Amino acid sequence: MLDIERWQEIFDAIRKNKLRTFLTGLSVASGIFILVILLGFGQGFKNGIAQEFAQDAATSVWVWPGTTTKEYKGLNPGRNIQLRNSDYNFSSELLAEQIDLKSPRIFVRNISVNYGNEALVYGVQGVSYQFQEIENAKMSRGRFISYQDETNTAKIAVIGNKIAHDVFNEVDTPIGEFIDISGIPFKIVGTFKETEDREEERIFIPITTAQKVFNGGDKVNNLAFTLPMAENFDDAVANSVKFKSQLLSNLQQAHTVAPDDTNAIHVWSALEEAKRFYSLTDNIKLFFWFVGVCTIIAGVVGVSNIMLIVVRERTKEIGIRKALGAKPWSIVGMILHESIFITAISGFVGLILSMGLLELLGPNIEVDYVVNPSVNFNVALSTVFVLVLAGAVAGFFPAWRAANIHTIEALRDE
Amino acid sequence: MIEINNLHKSYKMGSNSLHVLKGLNFSIKEGELVAIMGSSGSGKSTLLNILGMLDEADSGEYTLDGVPIKNLNETKAAKYRNKFLGFIFQSFNLINYKSAMENVALPLYYQKVPRKQREEKAIKYLSQVGLKEWAHHLPNELSGGQKQRVAIARAMAAEPKVLLADEPTGALDSKTSYEVMDLIQNINDQGNTILVVTHEEDIAHMCKRIVHLKDGVIVEDKTVDQVRASQYV
């Protein structure tokens, strides 16, 4: 490697075969370039899916009632199940260790909502103070319902940004404005942002207020919980399955429902849904891995091809050098030395260009499902080595064969 | 200089064995200029391969300058080729991306001669063949005769014991052929041993001795009155 004479000989060959050098280099550089860009977008796609999904990836568990379909302990099927505060309190206490956040919810019906002379047709829901986090709603202005609001049965309301935008467009801020729910004024204390417009078309009031003021009694429509984050996804799913089944059997016992009656009480966990998304991203990962491997193979084939052609072109030169007293090994060594030098240099050029492009453009790319395409430097580096090695191996055998051709005939043909 | 004793060589062609050289005996003394003649298939290429250490005989002895050439590994063969032999080919076999000077200097590279000395020596031999002004031209800028003269300079550069010329005039018109033969004769006059493989009678008669090969045996080995090529130039 440190033989200066040999390096001079190699640089001679490179300088005097500019086109060959350029084409070899170009094929390797573009191969690496395409490969890295592709891998980058694979990663970007993965990032995009992960981000898209992170918004919904709460560990929430929801309960809503239905109608019994099975006779049980002398009770007829067709009963409507009604959840009550007692269900909420009982479940919360019994499973307290497994619960992170909790809130009941009641849909307030048969009411009219007015702002000044304007009638608002938005749903009103009574919820507890932790509901904001369960829903992943972000406060844009003001605050959410507080614990004090609940205990004081405060007449306050929190509205979605869409309502704020549609209805309160003539005032600076909806905060402090009053809306009229069935004749009772509620003060707006906050607006929230959601990922979808539909979810911003809701008005939240404290659950206690909803029950006392609007004749709700102790009825609730939903129970919502979130579970603490687990170490990994599989644990999280296992926890949520366990929690779900315990919660369900508690509620079934409390309401005298057959254990196998799936229609009476519904328990839904976001995490199990999430599992489907996770397996989707796994499949996507697999797909990009597959594409990556195929691209590497294509690159290997391309580089090998170039090397085969280069060596073939030089077969005669090999024969001449041999007749002049070159050892076969020194001929092969020189040709591989030269080609490894060229492929390595151009490989790194391709690597630097493509990674530069990803660094430059990556963070600015804002397309659905593609976020910050980037590539692991080690992965990219090893692909360069794979291609260089493949080129060397592909070049070695024909060069070795050419260096061991015996006859003068090989030199005779022009 | 060259001693050959009962040399045999056969090639396997599938199940058949083709006996190409059937017990050759001859010797070449230092300073000789020998033509080896024969039609194609007579075994002259095989003989040249063996003499050039590009191939090995099945049996028999081959001694070059007192060194028995037997059981050579590639490395040793390469070393001997570089030290003992200079090749001149029908199709010149210059490396086309190297200038005339670099082509001539190439055997010296394999003798590990430093670059500067290589170039000096290459220029020296190029001027001997009358191509000093063409030293920095690429082969494709030279005529056929000039190319062959570069090739001869290259063969000379390593200062070999024996020059092996394989149809050196085969790709040239007769005028250039005579020029090349004139050069070969001059080199021979300086005391170099040269072996020329040819199938042209007039070229053969410009040597001092003609060995006639036919079907793998020597049918004739005679000394001739050398025709000087210079009279045709």
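DSSP beta bridges fully contained in the protein assembly as shown are about 70 percent antiparallel. In this entry, segment A:101-226 is assigned a mean projected area of 7.0 nm², taken as a quarter of its C-alpha convex hull surface.
In this label model, A:ASN372 and A:GLN148 are separated by 3.9 nm, measuring between points 7 Å along each Cα→Cβ vector. Bridging of A:LYS275 to aspartates and glutamates at a Cα separation below 17 Å is possible for A:GLU52, A:ASP56, A:GLU231, A:ASP234, A:ASP235, once same-chain residues fewer than 8 apart are set aside.
Using the Cβ-Cβ distance between A:GLU196 and A:ASN80 with R0 set to 25 Å, the FRET efficiency from 1/(1 + (r/R0)^6) comes to roughly 0.25. Near A:GLY126: Cβ cut-off under 15 Å, other residues only, Lys/Arg at +1 and Asp/Glu at -1. The net charge is +4. Taking every alpha-carbon pair under 8 Å whose residues sit at least 6 apart, chain A reaches a relative contact order of 28 percent.
With only alpha-carbon pairs counted, each pair once and no self-pairs, how large is the Kirkwood hydrodynamic radius of the protein assembly as shown in angstroms? Hydrodynamic radius (Kirkwood, Cα pairs) of the protein assembly as shown is 33.0 Å.
Neighbour counts of C-beta atoms inside 10 Å place B:VAL104, B:VAL233 in the sequence B:VAL233, B:VAL104, starting with the fewest. Checked against a 28 Å cut-off, the cross-linked pairs A:LYS46/A:LYS102; B:LYS76/B:LYS214; A:LYS16/B:LYS161; A:LYS16/A:LYS322 give Cα-Cα distances beyond that limit for A:LYS46/A:LYS102; B:LYS76/B:LYS214; A:LYS16/B:LYS161.
Take the Cα of B:HIS8, go 7 Å toward its beta carbon, and the backbone nitrogen atoms of segment B:197-229 under 17 Å from that spot belong to B:216-218. Angle of helix A:270-313 to the longest C-alpha principal axis of chain A, folded into 0 to 90 degrees and rounded to 10: 10°. The lysines within cross-link reach of A:LYS162, meaning a Cα-to-Cα straight distance under 24 Å and a gap of 8 or more places when in the same chain, are A:LYS138, A:LYS187, A:LYS193. With a Förster radius of 25 Å applied to the beta-carbon distance between A:HIS165 and A:GLU133, the computed FRET efficiency rounds to 0.60. The modelled label-to-label distance between B:ASN140 and A:ASN117, using points 7 Å beyond Cα along the C-beta direction, is 9.3 nm. Sparsely packed loop sites in segment A:70-131 (the GluC sites (Glu not before Pro) outside DSSP H, G, I, E and B with at most 15 other Cβ atoms within 10 Å) comprise A:GLU71.
In the neighborhood of A:ASN17, defined by Cβ-to-Cβ distances under 10 Å, what is the net charge if each Lys or Arg adds +1 and each Asp or Glu adds -1? Charge balance in the 10 Å sphere: +2. Using a 10 angstrom cutoff on alpha carbons, build the Gaussian network for chain A and name the most mobile of A:VAL189, A:VAL121, A:VAL28. Fluctuation is largest for A:VAL121. Sparse packing (at most 13 other Cβ atoms within 10 Å of the Cβ) combined with a DSSP loop state is found for the following trypsin sites (Lys or Arg not before Pro) in segment B:1-48: B:LYS29. Averaging the inverse of every distinct alpha carbon separation and then flipping it gives the Kirkwood radius. What is it for segment B:60-197, in angstrom units? With all distinct Cα pairs of segment B:60-197 included, I get 15.3 Å.
Our compactness index for segment B:129-233, the C-alpha radius of gyration over the empirical 2.2 N^0.38 Å, is 1.11. Rounded to the nearest 10 degrees, the angle from helix A:233-254 to the longest Cα principal axis of chain A is 20 degrees. For B:CYS207, A:CYS294, the sequence from fewest to most other C-beta atoms within 10 Å is A:CYS294, B:CYS207. Taking GluC sites (Glu not before Pro) across segment A:168-213, the ones in a DSSP loop with at most 15 further Cβ atoms lying within 10 angstrom of their Cβ are A:GLU170, A:GLU196.
With a simple spin-label model that places each label point 7 Å from the Cα along the Cα-to-Cβ direction, the separation between B:SER15 and A:ALA254 comes to 9.5 nm. Over chain A, DSSP H runs of length four or greater, each weighted -39,500 (n - 2.57), average out per residue to a 222 nm ellipticity of -18000 deg cm²/dmol. Comparing Cα centroids, segment B:1-78 and segment B:180-218 end up 17 angstrom apart. Between helix A:4-16 and chain A there is an angle of about 80 degrees, using the helix long axis and the longest principal axis of the Cα atoms. Near A:ILE318: Cβ cut-off under 11 Å, other residues only, Lys/Arg at +1 and Asp/Glu at -1. The net charge is +4.
Exposed loop sites, defined as trypsin sites (Lys or Arg not before Pro) outside DSSP H, G, I, E and B with at most 10 other Cβ atoms within 10 Å, are absent from the longest region of chain A, namely A:110-414.
Calculated on the Cα set of chain B, radius of gyration then Dmax: 17.5, 55 Å.
Values in this text are rule-based calculations from the coordinates and carry no lab data. Because the structure is predicted, anything quoted here is derived from the model rather than measured. Please note: Cβ atoms are built from the backbone with ideal geometry, for glycine as well, and neighbour counts cover all protein chains shown.
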